[in-house]
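Chemist: One structure follows; several queries about it will come next.
The values are calculated or read from the model by the stated rules, or taken from the named source; none is laboratory data. Predicted, not measured: the structure shown is a model, and the values here were computed from it. Glycine also receives a Cβ, built like all others from the backbone with ideal geometry; neighbour counts cover every protein chain displayed.
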């Protein structure tokens, strides 16, 4: 299983969020570029032929995705992002694709009684998705990562609790991967202490 890669990179005064993941249902390795939460472009590589010819391992898939992710990051740093984005995707084609997404509903208030509580929603084309599987990786300093899984309810919502000391939260992150109908979406959330 490939989780994907998430990196923030700055060029001039703009911060770009670059997210790469394997879209298993479509046999694509996709890198998306976001600015202020809006997708500004994508680059995708099909691995259907490699899979059909046999002997194509998850490690090879991960290396191709890693190289593609790095190439997009380098193009942003060099100011030539437009050169590496896919040109073939017309707006109407993009609009027809039902994008899977993960939203963090209670980002303002998540820690109490030594527990980190996250309410998440999985959407497809803006509507909540029931039965999506969320795999959550909680990474914190000075401790092994903690993994858990939850499944979304009728409105696409799921809640998870992790025992965590509040003092470690500013240095911790949560990686969430949603799986639904053979497609995945991955999001990384950075935790911080909310000042009262």
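Table: residues versus (1) surrounded by fewer than 18 Cβ atoms within 10 Å (Cβ to Cβ); (2) part of a helix (DSSP H, G or I); (3) in contact with a strand residue (DSSP E or B) (Cβ under 8 Å, 6 or more places away or on another chain).
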position	(1), (2), (3)
7	yes, no, yes
10	yes, no, yes
19	no, no, yes
22	no, no, yes
25	yes, yes, yes
41	no, no, yes
45	yes, no, yes
55	yes, no, no
59	yes, yes, no
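Chemist: Need the failing condition index for residue 170 against (1) surrounded by fewer than 13 Cβ atoms within 10 Å (Cβ to Cβ); (2) part of a strand (DSSP E or B), just the number.
Modeler: Among (1) surrounded by fewer than 13 Cβ atoms within 10 Å (Cβ to Cβ); (2) part of a strand (DSSP E or B), residue 170 violates only (2).
Chemist: Let me ask something else about it. Assigned by TED's automatic domain parsing to the domain that holds residue 107, surrounded by fewer than 13 Cβ atoms within 10 Å (Cβ to Cβ) and in a strand (DSSP E or B), is that true of residue 149?
Modeler: Details: assigned by TED's automatic domain parsing to the domain that holds residue 107: yes; surrounded by fewer than 13 Cβ atoms within 10 Å (Cβ to Cβ): yes; in a strand (DSSP E or B): yes.
Criteria met by residue 149.
Chemist: So, one more: As an exercise: evaluate residue 79 against (1) under 23 Å from residue 100 (Cβ atoms); (2) part of a loop (DSSP other than H, G, I, E, B) and give the number of the one condition it does not meet.
Modeler: (1)
Chemist: While we're here: Check whether at least one residue in the range 155-176 is more than 17 Å from residue 104 (Cβ to Cβ), under 18 Å from the mean Cα position of the chain (by Cα) and without any contact (Cβ under 8 Å) to a residue 60 or more places away in the chain, and report yes or no.
Modeler: Taking the range 155-176 as the starting set, the residues that turn out to be more than 17 Å from residue 104 (Cβ to Cβ) are 163, 165-168, 171.
If we keep only those that are under 18 Å from the mean Cα position of the chain (by Cα) as well, we get none.
Within the range 155-176, not a single residue is more than 17 Å from residue 104 (Cβ to Cβ), under 18 Å from the mean Cα position of the chain (by Cα) and without any contact (Cβ under 8 Å) to a residue 60 or more places away in the chain.
Chemist: Still on this structure: Conditions first: (1) farther than 15 Å from residue 7 by Cα; (2) in a strand (DSSP E or B); (3) at pLDDT below 80. Residue 189 passes all but one, so which condition is the exception?
Modeler: Unmet condition: (1).
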